Amino acid sequence: MLRKGITESFGAAIHAFNTTQLTDGVINRSKRMMLDTLGVGLLGTRTAVFNKALTYSQLFMSHESSSVWGKSEVNLPPHYAAFVNGIAVHSMDFDDTWHPATHPSGAVLPALLALAETLPSQPSGLDLLLAFNVGIEVQGRLMRFSREAYNIPERFHPPSVVGVMGSAAASAKLLGLSPAQCTNALAIAASSAGAPLANAATQTKPLHIGNAARRGLEAAQLAQRGLKGNPAILDMNCGFGVYYKDYSPSAMAVPASSDFKWILEDQDVAFKRIPAHLGMHWVVDAALAARAKLENSVRNFDLSQIRNVTLRVPPSKYVDCPFPATEHQARHSFQFNASSALLDNKVTVSSFSETQINRPALKELLSKVKVETPKDNLPSFDKMYCEVEMETDQGQRYVARCDTFYGHWRKPLSQKDLVEKFSVNASSVLCTEGVEGVIDVTGNIERVRECSILGSYLRMTSSQHEQLYSTRSW
C-alpha cells in the first residue's frame, strides 16, 4: 500500500526543528538520558565485546578522527568511533529503555558526538541537545506506526530498526541538511535497518546499537553528498513497513505548528539499576521482596531448604533461559536474575561474572525454578508484572509481586540516584575530574558554547580502576 507525503513530512520536520522548540521538560529528560548513556558506555569499555570491536575498528584509518570514550590515546574514523561507543553503551544491557520498546539513546548520542568532533564549526551544547531530541523524536514517531511495537519484541531487535533512523535524523540535523537531504538520509538508513532477535543474549546484540549509530551517521553524510533513496520509504508497506505486520504510518506535524508536542514530554524512559534486560528488574524486585518475607518469618533460614521457586512472568522466549552459560544469556534470564537475588539479596554488575554464574549453589537453586505465564501478564513493559513464589521443604509459601520497579517511567530514578549510578559507572574508567566534568557539562549542556568540551572530559582516564561495583547494590 502506498500512502503519500509521510516521508516528505519527516524530512521537512527534521529540517525545521529549532532550539526554541525545546521545552524545559524535554531538556531535563534528555539531559538525564545523555548522562546515563555516557555512564553505561564508559563502564562498557571494560567488556570483552567492546574490546573485540575496538581491535577490529583500529584496522581502519581516515583523515578525520573522533574520540573513543574512556580511551585517552585512541581515535578512530568517525563512523567507527560511533560504532564502538554505541557497542559500549549496550554491551551490558545497562542503557535506557523506552515505550514502545527500544533503547533510544545509544544509537543517537555516539553518532552525534563522533560527528561533532569533525565539523569545521563546533556545535554548541544546545545544538547537540536539539539534534539528540530530533533523533529520539523520530524513533518515537516510527514506533507508533504499529501496535505490535508496543509489546516485548518477538522477531527483531527494535534499536536496529528505529535506532538507525534516529541516528540518521539526528546526524542530518547536526549537519544542517535540507528537507530533501533529510528525507534521503532516512531512505538510505532504512536499507541498513534490522537485526534478528535470535542474536539477543549473545555478544552480537550490542553490535545492533553500534551499527545503528554508525549506519545512521553514514546515511546522513551520504545524503549530504547527494546520494538518494526512495523518497516514499516511510509511506510504503514494502519500505519501512516490512518490519511490522500492522503498519499504519502518519505524517509528522511541522514543529512550529500549534498541535506539535514532543513524545518525550508524555513518555519518559526507564533507567536500569542492574545491567540486564529490562524485564529482569521486575523479577529481581519481586524476588528480593519474597526473600524479605521469608527472613522476617524464619530466622537463619538456609536457602537450600527451598523446595521450589515459581516465577509468574509474561511470555517472552528470548528472556526464558533456565540455565545460562554466559553473561549475555544471564542478562536475559528470568530464572538467573531471580535466583541471584534470592541467593545474594542483591544483583550487581559482578553478578554476571563467569565465577558467579558457575557457582554450585546458584545452579542448585536454578534447578528448582519453574516459569509460569499467566494470561493476564501481558508482554509489554508498560503492563507486565512479575511474581515470585517460594515453597520450603516444610510447605511454607512466600509470595511477592512487582508491578512497577524503581527506575521505570512510572517510578523514575531520583536525580540523586541517577547521578550516583553515573558516578559509579564512570569512575571505573575516568579520574575524579573527568567524572565531575561530565556531570557538570551534561547538567548545563544547553548553556555550553562548544559541545567538544564533553569529549575532553570523556578522555580523562584514571590510572587506578576502582572496582566499586563489586560491592555496590541498588
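The values are calculated or read from the model by the stated rules, or taken from the named source; none is laboratory data. Keep in mind that what you see is a predicted model, and the values were worked out from it rather than measured. Note: ideal-geometry Cβ built from the backbone for every residue, glycine included; neighbour counts use all protein chains shown. All accessible areas refer to the heavy atoms of the entire protein, side chains included, with ligands and DNA or RNA removed. Shrake-Rupley method; radii C 1.70, N 1.55, O 1.52, S 1.80 Å.
Taking the conditions exactly as written (in a loop (DSSP other than H, G, I, E, B), in contact (Cβ under 8 Å) with a residue 40 or more places away in the chain and farther than 17 Å from ASP96 by Cβ), does SER121 satisfy them or not? Can you show your working first?
Working: in a loop (DSSP other than H, G, I, E, B): yes; in contact (Cβ under 8 Å) with a residue 40 or more places away in the chain: no; farther than 17 Å from ASP96 by Cβ: yes.
The answer is no for SER121.
With respect to the conditions (1) closer than 28 Å to PHE50 by Cα; (2) at pLDDT below 95, PRO315 lacks only one, and its number is (1). When the residues of segment 124-149 are filtered to those that are closer than 19 Å to THR97 by Cβ and among the aliphatic types (A, V, I, L, M), which remaining residue is modelled with the lowest pLDDT? Filtering first and then ranking leaves ALA149.
Only one entry in ALA114, ALA149, ALA180 is in a helix (DSSP H, G or I) and either under 21 Å from PRO78 (Cα atoms) or of a type in the set (Ser, Thr, Tyr) (or both), namely ALA114.
Enumerate the helices (runs of 4 or more DSSP H) found wholly within segment 240-350, keeping only those where 2 or more residues are aliphatic (A, V, I, L, M).
Values: elements: 263-266, 279-297, 327-330, 334-344.
In segment 240-350, 263-266, 279-297, 334-344 are the helices (runs of 4 or more DSSP H) which contain 2 or more residues that are aliphatic (A, V, I, L, M).
Condition check for THR355 on (1) assigned by the TED database to the domain that holds PRO324; (2) surrounded by 14 or more Cβ atoms within 10 Å (Cβ to Cβ); (3) assigned to a helix (DSSP H, G or I); (4) free of Cβ contacts under 8 Å to residues at least 12 places away in the same chain: one failure, at (2).
I'd like the residue in segment 124-141 that is of a type in the set (S, T, N, Q) and either assigned to a helix (DSSP H, G or I) or under 9 Å from LEU174 (Cα atoms) (or both) and, out of all such residues, is farthest from the chain's Cα centre (by Cα). Talk me through it step by step, then tell me what you get.
Of all residues in segment 124-141, those of a type in the set (S, T, N, Q) come to 124, 133, 139.
From what is left, the residues that are either assigned to a helix (DSSP H, G or I) or under 9 Å from LEU174 (Cα atoms) (or both) are 133, 139.
Numbers: ASN133: 15, GLN139: 13 Å.
My answer is ASN133.
Every listed requirement among (1) of a type in the set (Asp, Glu); (2) farther than 20 Å from ILE233 by Cβ; (3) open to solvent by less than 10 Å² (accessible area, probe 1.4 Å) is met by GLU137 save one, (2). Restricting MET92, MET61 to those that are of a type in the set (A, V, I, L, M), over 19 Å from VAL438 (Cα atoms) and modelled with pLDDT under 95 reduces the list to MET61. When LEU38 is tested against (1) modelled with pLDDT under 95; (2) open to solvent by less than 10 Å² (accessible area, probe 1.4 Å), just one condition goes unmet, and that condition is (1). Scanning segment 410-450 for residues that are under 19 Å from ALA88 (Cβ atoms) and not in a helix (DSSP H, G or I) yields SER427, SER428, VAL429, LEU430, CYS431. A search for C-beta distances below 8 Å between a residue of segment 315-343 that is within 17 Å of THR355 (Cβ to Cβ) and any residue that is part of a helix (DSSP H, G or I) and of a type in the set (Asp, Glu), counting only pairs 6+ apart in sequence or on different chains, returns GLU327/GLU354.
If you go through segment 249-273 and pick out every residue that is open to solvent by 30 Å² or more (accessible area, probe 1.4 Å) and in contact with a Ser or Thr (Cβ under 7 Å, 6 or more places away or on another chain), you end up with 2.
Going through THR118, THR97 one at a time, which residue ends up being in contact with a strand residue (DSSP E or B) (Cβ under 8 Å, 6 or more places away or on another chain) and open to solvent by 10 Å² or more (accessible area, probe 1.4 Å)? Talk me through it step by step, then tell me what you get.
Working: THR97 fails: open to solvent by 10 Å² or more (accessible area, probe 1.4 Å).
Testing whether each residue is in contact with a strand residue (DSSP E or B) (Cβ under 8 Å, 6 or more places away or on another chain) and open to solvent by 10 Å² or more (accessible area, probe 1.4 Å) leaves just THR118.
Total residues in segment 154-166 satisfying the condition of being open to solvent by 20 Å² or more (accessible area, probe 1.4 Å) and in a loop (DSSP other than H, G, I, E, B): the figure is 2. Outside the structural domain of LEU342 (by the TED database) and closer than 22 Å to THR97 by Cβ: does that describe PHE381? For PHE381, the condition - outside the structural domain of LEU342 (by the TED database) and closer than 22 Å to THR97 by Cβ - is not met.
Going through segment 184-226 one residue at a time, which ones are at pLDDT below 95 and crowded, with 24+ Cβ neighbours inside 10 Å? Of everything in segment 184-226, nothing turns out to be at pLDDT below 95 and crowded, with 24+ Cβ neighbours inside 10 Å.
Could you check segment 11-33 and list, in sequence order, the residues that are more than 17 Å from LEU109 (Cβ to Cβ) and within 22 Å of the chain's Cα centre (by Cα)? Listed by number, the list holds a single entry, GLY25.
State all residues of segment 390-427 that are at pLDDT below 95 and either touching a Gly at 6+ places or on another chain (Cβ under 6 Å) or among the polar types (S, T, N, Q) (or both); if no residue qualifies, say none. Within segment 390-427, THR392, GLN394, GLN396 meet the criteria.
ASN337 passes every criterion in (1) outside the structural domain of SER30 (by the TED database); (2) open to solvent by 40 Å² or more (accessible area, probe 1.4 Å); (3) out of contact with any Cys (no Cβ under 6 Å at 6 or more places or on another chain) apart from (2). Name the single residue, out of those in segment 142-151 being open to solvent by 10 Å² or more (accessible area, probe 1.4 Å) and within 17 Å of the chain's Cα centre (by Cα), that is nearest to PRO315 (Cα to Cα). It comes out as ASN151.
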